[in-house]
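For reference, the structure discussed in these notes is given below.
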Amino acid sequence: MNSPEITVYEPNYRAKIGFFKIWMVMLRNIIRSRELIWQLFKRDFLMSYKKSFLGMAWIVISPVVGIVSWIFMNFTGVLNPGDVGIPYPAYVLLSSSVWGLFMGFYTAGEGTLAAGAGIITQVQFPHEALLIKQTAHQLANFILGFVLNIIILIAFGVIPSWKIVFFPLVTIPLFLLGAGIGLVVSVIGVVAMDLSKGMTIVLGLVMYITPVIYSNRVDNPFLKTVITYNPLTYLVGNVRDLIIYGRFDTIEMFLYSTLFAIGVFLVSWRFFYLSEDKVVDKMI
Amino acid sequence: MNGDTVLQIEHLSKKFSITLKRSMYYGMLDIARCMIGFPVDSGKLRKGEFWALDDVSFDLKRGESLGIIGVNGSGKSTLLRLITGIFPPDKGKVSFRGRVGALIAVGAGFHPHMTGRENIYLNGTILGMTRKEIDRKLDEIIDFAEIGEFIEAPVNNYSSGMRVRLGFSIAVHCEPDILLVDEILSVGDLSFRNKSMRKMAEFRERANALIFISHNLEQVRVLCERTIVLDQGKIAYIGNTHDALVFYEESSRKQRVDQNDKISYKIFENEPDIINVLNFGILNDNELEIDDIGLDDPLIAFIEFEVKKYIEEMIVSFVLLTEDNKRCIWVKSNDFNKTKISKIEPGRYREKIIIEDHHLGVGVYTISFGIANAITMESYTKMHSEKSFRVKSTGNELERGVINVKEKWDIKRLGN
């Protein structure tokens, strides 16, 4: 036999893989699925704009419209964000685009199983690959919008710091946290759609207790406490500050938050792998 | 697993829930238990669950081909999904050597706006081929699918036949060590079906293992040496294909006879003032009612009725239909003046018709009777009621045609 490798499927066979080995298996599966990830990405990303006149312009239209509303509220005095040191529109533009990236990572994780609807029940392949494909999809969306945002930023006279080159590195924790939460929702969402719907609302609220559209120098003591213990304050805020001011304060808090994100991701990724086979037969 | 075995299935079982609500609830429960590290004992049935596949064991050796047949819902596709690892088993074990490829739904993941060529790469990758492999086989795939120049057109412009051909072509060029085929050769036109069958045979020749699921028993006979009959998730029969097919056809005919009798009405629409039909059916030599006869047995049908008023002369007619409602036999008691049934006084009667050589092939047939007045031609019954019976196989004959003949064959060379 040219390929003598023996595969065995048993009840709960995934749980029998060693504790640490399980992450290695998932990692190996992803590396082996590079081509699959690319093909699926091509199908879903490039094809999603084929039937529209504006095409990829849609990627930037929706965030821009969102930002206009913040600016409007700021202009009319409804919203008082505190002194942010640069023109408010530029601040909120960048800030919300970093938040958008976090939400993108969440959406990627949340859509992992759904992205495979139609093929999961027909063909066997490592479903972890779908997470990467989803993430690539979200990143591609993000990058196009982000480049535009930087151009607008420069138009407002804010020259981004050269430290922007660290951007990919400092957004990794955002991915870990967002995708981590998303993966759990993805599996449970197959049997209880309620969770995915609820989570979207919850994360919408979380944005208001994270200094995204306002600065972290708030007066309300309650909000101040919440912000201090919210890991996203650092994971989002530090990234934004790095680009705008070229500074990276509260490194310690950022590291703690990063550790938290790593923990969330490892646990939920493991959870995804162990429990998704309890729900695949419900995806038909 | 020893040397020659490529696939081993041991006590494989899979359960499903009857209702969606319960299925979702159990899903939730299983996830929760998984989360706290106490995986569920999946080997027991909970309320509202049933075994879709129940304790199935068999193995497959290198170069073997195995057929799986059974009625809809007998667990065939579930078995396939378990072997490929799409569904995890609830009990038992699947082990195999090498790569398993499954033709379950052709064209999985096809994107309608992508061209045929792009979809080959997409679908091929989903099926587990590498880019190099696809590059190498691209022309062959396009050729086999008979797509021609349309390969550059988006697949939503394809006819459904073309789409299926393309999907099938990609799948068979995957060259797995074990190929699972689900009901796929029923697609495409005749010439494509024949080509696909040749491809399957070729595949088998190369000493790869093949599992073939089909409702087309002829295809199973051609392709498979061994066959499993699945019934309600269990193996009802496993053995050489011929015996398995005979077993399957016999049991399915038995079921059909029962079902037919359940749905057809038992009571004649008759003229109760004159004639009341009591019963009718098939008899054996000992005058006992039966629902199957042998190929060489005489066919004895009877009708029992009660005559309420004196009838000067009457005709009894007998009709025998095949399963697809074609009339095979239609005879009347007064044909060629065979019998004259006259001067019938009130009372109970039994009329028998005996056909010594029925020449009927193995299969399911239905009979019905009619009674009419021979003088006025007034009908006393309407032929609504039917009864089914079965012509049994002696263990060798398969259902091939309506007429059973004893033939001889002869071949002669006529020259070059």
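Which residues make up the longest stretch of chain B clear of chymotrypsin sites (Phe, Trp or Tyr not before Pro) that lie in a DSSP loop with no more than 13 other Cβ atoms within 10 Å, not counting the sites?
Longest site-free region, per DSSP loop and neighbour criteria: B:1-264.
Using only alpha carbon pairs under 8 Å that are at least six residues apart, calculate the relative contact order of chain A and give it in whole percent.
Relative contact order comes out at 25 percent.
Given an 8 Å cut-off on Cα distances and at least 6 residues of separation, report the relative contact order of the stretch A:126-284 as a percent.
Relative contact order for the stretch A:126-284 comes out at 35 percent.
Mind ranking B:353-361, A:233-241, B:87-95 by how tightly packed they are, going by the mean number of other C-beta atoms within 10 angstrom, highest first?
Top to bottom by mean Cβ count within 10 Å: A:233-241, B:87-95, B:353-361.
For chain A, compute the orientation-averaged projected area of the C-alpha convex hull (one quarter of its surface), in nm².
18.1
Counting partner chain Cβ atoms within 10 Å of every residue's Cβ in A:12-22, what's the average?
The mean count of partner-chain Cβ atoms within 10 Å per residue comes to 2.
Within chain B, what whole-number % of the accessible surface is contributed by carbon and sulfur, with the 1.4 Å probe and all protein chains included in the calculation?
The nonpolar share, carbon plus sulfur, comes to 51 percent.
Give the residue list of chymotrypsin sites (Phe, Trp or Tyr not before Pro) in the stretch A:91-200 that are DSSP loop and have at most 16 other beta-carbon atoms within 10 angstrom.
Counting only loop positions with at most 16 other Cβ atoms within 10 Å, the chymotrypsin sites (Phe, Trp or Tyr not before Pro) in the stretch A:91-200 are A:Phe156.
Can you give me the distance in nm between label points at B:Arg136 and B:Lys406, each placed 7 Å from the Cα along the Cα-to-Cβ direction?
Label at B:Arg136, label at B:Lys406, 5.8 nm between them.
Using DSSP, restrict attention to beta bridges with both residues in chain B and report what percent are antiparallel, rounded to the nearest 5.
In chain B, DSSP labels about 75 percent of beta bridges as antiparallel.
So which trypsin sites (Lys or Arg not before Pro) in the stretch A:5-65 end up in coil per DSSP with only 10 or fewer other C-beta atoms within 10 Å?
Those satisfying the criteria are A:Lys51.
Need the list of lysines near B:Lys340 for cross-linking: C-alpha distance under 19 angstrom, and skip anything on the same chain fewer than eight residues off.
B:Lys309, B:Lys332, B:Lys352
Just to confirm, what accessible area per residue do you get for the stretch A:14-281 at 1.4 Å probe, in whole Å²?
Ligands and nucleic acids excluded, the result is 46 Å² per residue.
Considering every residue in A:109-119, what mean count of other chain Cβ atoms within 10 Å of its Cβ is obtained?
1
Please report Rg (one decimal) and Dmax (integer) in Å for the Cα set of the protein assembly as shown.
According to the Cα coordinates of the protein assembly as shown, Rg and Dmax are 35.5, 119 Å.
Compute the whole-percent fraction of alpha carbon pairs in chain B spaced more than 42 Å apart.
When every Cα pair of chain B is considered, 37 percent fall beyond 42 Å.
In terms of Cα to Cα distance under 20 Å, which aspartates and glutamates are near enough to B:Lys15, apart from those fewer than 8 places away along the same chain?
Candidates past the 8-residue exclusion: A:Glu10, A:Glu276, A:Asp277, A:Asp281, B:Asp30, B:Asp41, B:Glu49, B:Asp54, B:Asp55, B:Asp90, B:Asp231.
What does the charge dipole of the stretch B:375-416 about its Cα centre add up to, to the nearest 20 debye, if the Cβ of each Lys and Arg holds +1 and the Cβ of each Asp and Glu holds -1?
Dipole size: approximately 240 debye.
Loop-only check: which trypsin sites (Lys or Arg not before Pro) in the stretch B:324-358 are DSSP coil with at most 10 other Cβ within 10 angstrom?
B:Lys326, B:Lys338
Nearest 100 Å² is fine: how much accessible area is buried between B and A, summed over both sides, with a 1.4 Å probe?
The B and A chains share an interface burying roughly 4100 Å².
When the convex hull of the C-alpha atoms of the stretch A:213-284 is computed, what volume per residue in Å³ does it have?
152
The values are calculated or read from the model by the stated rules, or taken from the named source; none is laboratory data. Please read these numbers as outputs of a predicted model, since none were measured by experiment. For neighbour counting, all protein chains shown are included, and Cβ atoms are generated from backbone atoms with ideal geometry for every residue, glycine included. Each accessible area value is taken on the protein alone, full model and side chains, heavy atoms only, with ligands, DNA and RNA left out. Shrake-Rupley method; radii C 1.70, N 1.55, O 1.52, S 1.80 Å.
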